[in-house]
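Notes follow once the structure below has been shown.
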Amino acid sequence: MITRLKGCPVNKALPAVSLRVPTDEDAFAWHRVFADPEVMEFHGGRSAELSVYEELTARQRRHDAERGFCLWSVLDDSGDVVGFTGAQPWPHEWGPSGEIEIGWRLGRAHWGRGYATAAAEATLERLRAAGVPHVVAMVDARNERSIAVTRRLGMRLTETFVTPSSEREGRCYRLDL
């Protein structure tokens, strides 16, 4: 399936991606894909232990069962897990409390090829179908790749925050669905 986005050059086709509720095995894939320090630069600098991904994938299965959305595993056209995308309630007391946050994280081998945008577009379609009225994306102000994805999705900058854990500037982007 080829998807074209508003504002993207007509010749710029996005790769085919599939989303699935993460399985127990996906915890291992996420752990492997996110073991790269560059991937984790804006997420604490290093990969978490496998047990963290096991808990995270289990929590996402619960989110999907309860809400109809979660952080889904992103699969390329070969069926390989290349990362995750999806949405969940903002988990912190600071920032956009009470909001649904969309997010994505991919293995470095898939950067710059349209996977994040394609996966985020698929996420937005599922969120619209689930009746979610709007989403936010919290992005580290230095994360130019993710900021570019928010622009391609049509999101607008609404607030900035200083994140308590890293004391870095975080930007909150919003999109009405």
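For the reader, a short list of remarks on this structure follows.
- Label-to-label distance, D36 versus R174, with points set 7 angstrom from Cα along the beta-carbon direction: 3.4 nm.
- Here each label is just a point 7 Å from Cα along the line to Cβ, and for A65 and R113 those points are 3.4 nm apart.
- Charging the Cβ of each Asp and Glu at -1 and of each Lys and Arg at +1, and nothing else, the dipole of the stretch 18-176 about its Cα centre rounds to 420 debye.
- Rounded to the nearest 10 square angstrom, H31 shows an accessible area of 60 square angstrom against a 1.4 Å probe.
- Counting only the Cα atoms, the stretch 51-128 fills a convex hull of 120 Å³ per residue.
- Average Cα contact separation per residue, the chain, under 8 Å, 6 or more apart, as relative contact order %: 19
- One entry in (i) 33, 17, 15; (ii) 21, 21, 18; (iii) 24, 20, 14 is semi-axes √(5λ) of the Cα gyration tensor in Å calculated from the shown coordinates; its label is (ii).
- Spin-label model, R145 to L157: label points 7 Å out along the Cα-to-beta-carbon direction sit 2.1 nm apart.
- Unit charges at the beta carbon, dipole of the stretch 18-176: most positive-side option, L175, H110, S73: L175
- Charge tally around E99: other residues with Cβ under 13 Å, Lys/Arg +1 each, Asp/Glu -1 each, net -3.
The values are calculated or read from the model by the stated rules, or taken from the named source; none is laboratory data. Predicted, not measured: the structure shown is a model, and the values here were computed from it. When we count neighbours, we look across all protein chains shown, and the Cβ atoms used for this are built from the backbone with ideal geometry, even at glycine. The area values use the complete protein model at the heavy-atom level, side chains included, leaving out ligands, DNA and RNA. Shrake-Rupley method; radii C 1.70, N 1.55, O 1.52, S 1.80 Å.
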